[in-house]
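Trainee: Could you have a look at this structure, given as structure tokens, before my questions?
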């Protein structure tokens, strides 16, 4: 059975999820409500073999336990066209051209689909159980590399500070060999920034 056929068979589930989103909008705003919204989408897209992975600022908020805050949800997933149909069916509106920006009015929730492939390791993804729904989050090592790329390519000093925060907070559990190796790859090319940051941390 192809994905479009599954979509037709899943209309009842989509309608139920649309109502769940409206009910969710009545809950207090915050990280848990946002993650529940992502979990709902993850459950639905899983029917079609699509696994959305949470990246960007929302991932930083999770790993920093709310010390960093953002309203935006950034996802990486394959099948953005079908994902768009699912998002529309459960109450999201498209923003702009293409299938990358979405908004749920009642939840005041923006979603951006950044890419169809994770820049990082699928084996390092963190799985969060949010009231029975699974949310997939980019691994902390790859998130650090993401912040370092923002520092190098976008000259973002704040992202460098969040890379430092993550390094210091998770130092005991980090795979430093992986970080060093990945930082040297052309798609990252942030080794100098990584080495400099590690040196500063070691001095403190």
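The values are calculated or read from the model by the stated rules, or taken from the named source; none is laboratory data. All values derive from a computational prediction rather than experimental measurement. In this analysis, Cβ positions are derived from the backbone assuming ideal geometry, glycine residues included, and neighbour counts consider all displayed protein chains.
Trainee: Can you name every residue in the range 81-94 that is out of contact with any helix residue (DSSP H, G or I) (no Cβ under 7 Å at 6 or more places or on another chain) and surrounded by 19 or more Cβ atoms within 10 Å (Cβ to Cβ)?
Mentor: Selection gives 87, 92.
Trainee: Pick from 59, 37: which is crowded, with 21+ Cβ neighbours inside 10 Å, over 11 Å from the mean Cα position of the chain (by Cα) and in the same structural domain as residue 98 (by TED's automatic domain parsing)?
Mentor: None of the others qualify; the one that does is 37.
Trainee: Quick one: in the range 99-114, which of the residues that are free of Cβ contacts under 8 Å to residues at least 24 places away in the same chain and more than 19 Å from residue 48 (Cβ to Cβ) is surrounded by the fewest Cβ atoms within 10 Å (Cβ to Cβ)?
Mentor: Within the range 99-114, the match that is surrounded by the fewest Cβ atoms within 10 Å (Cβ to Cβ) is 105.
Trainee: Further question: What number goes with the only condition from (1) touching a helix residue (DSSP H, G or I) at 6+ places or on another chain (Cβ under 9 Å); (2) farther than 18 Å from residue 126 by Cα; (3) modelled with pLDDT of 90 or more that residue 64 does not pass?
Mentor: (2)
Trainee: Since residue 181 meets every condition but one in (1) without any contact (Cβ under 8 Å) to a residue 60 or more places away in the chain; (2) touching a helix residue (DSSP H, G or I) at 6+ places or on another chain (Cβ under 8 Å); (3) surrounded by 12 or more Cβ atoms within 10 Å (Cβ to Cβ); (4) farther than 25 Å from residue 42 by Cα, which condition does it not meet?
Mentor: Here residue 181 meets the rest and fails (2).
Trainee: Okay, next question. Going through the range 63-93 one residue at a time, which ones are within 21 Å of residue 164 (Cα to Cα) and in contact with a strand residue (DSSP E or B) (Cβ under 6 Å, 6 or more places away or on another chain)?
Mentor: none
Trainee: Additional query: How many residues are under 21 Å from the mean Cα position of the chain (by Cα) and assigned to a helix (DSSP H, G or I) when one looks only at the range 21-34?
Mentor: Final tally of qualifying residues: 6.
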